[in-house]
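Working notes for the structure below.
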Amino acid sequence: MKQIKKSLPLSCPSCASPLKVTSLACEACDTTVSGSFELPLLARLSADDLQFVIDFVKTSGSLKLMAQQLGLSYPTVRNRLDDIIANIEKIEKNIKIP
Amino acid sequence: MNTWLLRPFTYIAGGKALLAGWVIMLITSVVAYFSKTHFDGAIDAHIGSTVTPYYIYLLETLIAWGCMVLACYAAAALFARTSFRLIDIAGTLALARAPLLLAALINFAMPARVDPTAIDPMVIVFALICLPVFVWILVLMYQAFSISANLKGNKAVIIFIVTLLVAEVVSKLLMQFTLPLMLS
Ligand SMILES: [Zn+2]
């Protein structure tokens, strides 16, 4: 069997509204909890963007160091961060007004 | 390779680009002096027959680059919604002029020294051979502006074209007034 890399679906395939978590399961004892839980804001970022945020925190927020590690120019990395900031602001707006 | 030729500023900008750009600009001005190529404008090249001292070639390059940097900085200050650095604008725009070295070299192959203002077949041949070089420089200059100010899409293209025209006019005027003063 080929291993499929699953990623967390973030928006409704039918109407594109942000999705919520309605059930969580424990694989050890088969317990399921259900309710309606908001996905944390960071979990709503795409996998790539989230990785960027993690790298950013790991480098103590040094874009210069990140640029060096990624082999990219400073403004390229800076623009990436600015785009993620804009994305986060958009997500925040979407969550507030359902 | 393709990304390095067309989108080099994804990988290099800031101080490194400025240093590399300046070195290439210096070499280009020397080559231009020997092949009598004038880069007299933000994005201009003319073949000239007039005897001109070396420092005029260097000044032309510096004025053309400087005007473009100032115009792009002003445009970024007006339209960029995120922070940007002058060093990135100056660096990427310096490196964007690197293909001019090719234009200066190509001019060695032009046999006759002609009056640059006349519509001479040699002038047309030079213009046609250099056309891809100038398209390349335009693409690079746009990338330089776009990456430095984080502006993308149609809006960025329109802002860039206006900025380029302003830089062209200002650099032309500056050269017209300052260079004769230096020569007299
Ligand atoms: Zn839905």
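Checking each residue in segment B:101-120 for being at pLDDT 85 or above and open to solvent by less than 10 Å² (accessible area, probe 1.4 Å) picks out B:Ala103, B:Ala104. Restricting attention to segment A:39-59, the residues being within 16 Å of the ligand (Cβ to nearest atom) and free of Cβ contacts under 8 Å to residues at least 40 places away in the same chain number 1. For the condition touching a residue at least 24 places away in the same chain (Cβ under 8 Å), away from the ligand (no atom under 16 Å from the Cβ) and either in a strand (DSSP E or B) or surrounded by 14 or more Cβ atoms within 10 Å (Cβ to Cβ) (or both), A:Leu81 qualifies.
Here is the figure for segment A:1-33: residues that are open to solvent by less than 50 Å² (accessible area, probe 1.4 Å) and of a type in the set (Val, Ile, Thr) total 1. Could you say which residue among B:Val170, B:Val157 is at pLDDT 90 or above and within 17 Å of the chain's Cα centre (by Cα)? Of B:Val170, B:Val157, the one residue that is at pLDDT 90 or above and within 17 Å of the chain's Cα centre (by Cα) is B:Val170. None of A:Ser14, A:Ser34 is over 30 Å from B:Ile12 (Cα atoms), part of a strand (DSSP E or B) and not aromatic (Phe, Trp, Tyr) except A:Ser34. A search for C-beta distances below 8 Å between a residue of segment A:5-19 that is near the ligand (Cβ under 8 Å from one of its atoms) and any residue that is aliphatic (A, V, I, L, M) and at pLDDT below 80, counting only pairs 6+ apart in sequence or on different chains, returns nothing. From the residues in segment B:1-15 that are touching a Ser or Thr at 6+ places or on another chain (Cβ under 9 Å) and of a type in the set (Gly, Ala, Ser), which one is nearest to the other protein chains (Cβ to nearest Cβ)? Applying the filter and picking the extreme gives B:Ala13. Taking residues in segment A:86-98 that are over 14 Å from A:Pro40 (Cα atoms), and partners anywhere that are at pLDDT 85 or above and not in a helix (DSSP H, G or I), the pairs with Cβ atoms closer than 9 Å and at least 6 places apart or on different chains are A:Ala86/B:Arg81; A:Ala86/B:Thr82; A:Asn87/A:Leu45; A:Asn87/A:Ser46. Looking only at residues in segment B:1-52 that are outside any loop (DSSP other than H, G, I, E, B) and among the polar types (S, T, N, Q), the one that is surrounded by the fewest Cβ atoms within 10 Å (Cβ to Cβ) is B:Asn2. With the checklist (1) within 16 Å of the ligand (Cβ to nearest atom); (2) surrounded by 10 or more Cβ atoms within 10 Å (Cβ to Cβ); (3) in contact (Cβ under 8 Å) with a residue 12 or more places away in the chain in hand, flag the one item A:Ser36 doesn't pass. All conditions are met except number (2).
Scanning segment B:16-59 for residues that are of a type in the set (Gly, Ala, Ser) and within 14 Å of chain A (Cβ to nearest Cβ) yields B:Ala17, B:Ala20, B:Gly21.
The values are calculated or read from the model by the stated rules, or taken from the named source; none is laboratory data. Fair warning: this is a prediction, and the values are worked out from it, not measured in the lab. Glycine gets a Cβ as well: all are built from the backbone with ideal geometry, and neighbour counts include every protein chain shown. Surface areas here come from the heavy atoms of the whole protein model, side chains and all, with no ligands, DNA or RNA. Shrake-Rupley method; radii C 1.70, N 1.55, O 1.52, S 1.80 Å.
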